[in-house]
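Here's the structure, in structure tokens; my notes come after.
The values are calculated or read from the model by the stated rules, or taken from the named source; none is laboratory data. Since this is a predicted model, take the numbers as computed values, not measurements. With ideal geometry, Cβ positions are generated from the backbone for all residues, glycine too; neighbour counts draw on all protein chains shown. In case anyone asks, the SASA skips ligands and DNA or RNA and just uses the protein heavy atoms, side chains included. Shrake-Rupley method; radii C 1.70, N 1.55, O 1.52, S 1.80 Å.
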Amino acid sequence: MDIGGGTTDIAVVDDGGVEGTKMFGIGGRSFTHQIAEALDIDFDTAEKYKLSIKNPAKVPADVKEKMLMAVRRNLAVWLSGVEITLDEFNLNDMLPNKILLCGGGAGLGELQEVLATTDWFKELPFARRPVIHLVENADIPGIHNQTSTTLDYSYVTALGLLRVALDTLAGTPEDDGIRSKLARLLQN
């Protein structure tokens, strides 16, 4: 699940192959809008509060509970979107038992918690409760960050695409065309 700013994209992968992809229109900005509305504050301040939710000391005590209530309300709607979207896959087999989360919205601890602790999955074709894992850049083999920038779960989709590009280019013959130039660019 790639939880971006405006959407949640879900890809079902089975035995290394993509069975399908679907998306729905609730992402991280939706949570920020709910916080802004509940606290009657501007979007930028609400975004700062949302990003600080893991560090309660950075959120004023008088707004913390209202903010968490707004997040929980939005979580219920988001979780319904997850259920409906997974149900639309209409797979003959069971859904995979691991859910990998990435994207900027995936870092919201309450989102991870609701997936890991509630019974949302019971009506879907899971053999058991799915394991929830927040994917970090270290989980992607062959990609090493040599910059001073911290790359976290919000960069995983881009890093995964880079990994696919590198794998694809490794299997193509060298020539002076665009592929070889792209391969050299990606390898540097």
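Observations, loosely collected:
- Kirkwood hydrodynamic radius computed over region 25-100 comes to 13.9 Å, based on all pairs of distinct alpha carbons.
- Residues with amide H under 5 Å from that of Ile26, placed H, sequence gap 5 or more: Thr8
- When the GluC sites (Glu not before Pro) in region 64-130 are filtered for DSSP coil states and for at most 13 other beta-carbon atoms within 10 Å of their beta-carbon, the remaining sites are Glu88, Glu123.
- Fluctuation leader among Met67, Met23, Met94 - the chain, Gaussian network, Cα springs under 10 angstrom: Met94
- Mean residue ellipticity (222 nm) of the chain, computed from DSSP H runs ≥ 4 via -39,500 (n - 2.57), nearest 500: -14000 deg cm²/dmol
- Summed over the residues of region 32-102 and divided among them, the accessible surface reaches 60 Å² per residue at a probe radius of 1.4 Å.
- Projected onto their three principal axes, the Cα atoms of region 1-68 cover extents of 48, 21, 16 Å, largest first.
- 10 Å Cβ shell holding at most 10 others, DSSP loop, trypsin sites (Lys or Arg not before Pro): longest site-free stretch of the chain: 1-121
- Dipole in debye (nearest 20) - the chain, about Cα centre, beta carbon charges: Lys, Arg +1; Asp, Glu -1: 460 debye
- For the chain, built as a Gaussian network whose Cα springs stay under 10 Å, the top-fluctuating residue of Val13, Val164, Val82: Val164
- Working from label points 7 Å from Cα in the Cα-to-Cβ sense, the Ala138 to Leu124 distance is 2.7 nm.
- Sulfur and carbon atoms: percent of accessible area, region 38-138 [1.4 Å]: 52 percent
- Antiparallel DSSP beta bridges within the chain, percent to nearest 5: 60 percent
- Two-site FRET efficiency, Thr168 against Val13, from Cβ-Cβ distance with R₀ of 22 Å, rounded to 0.05: 0.80
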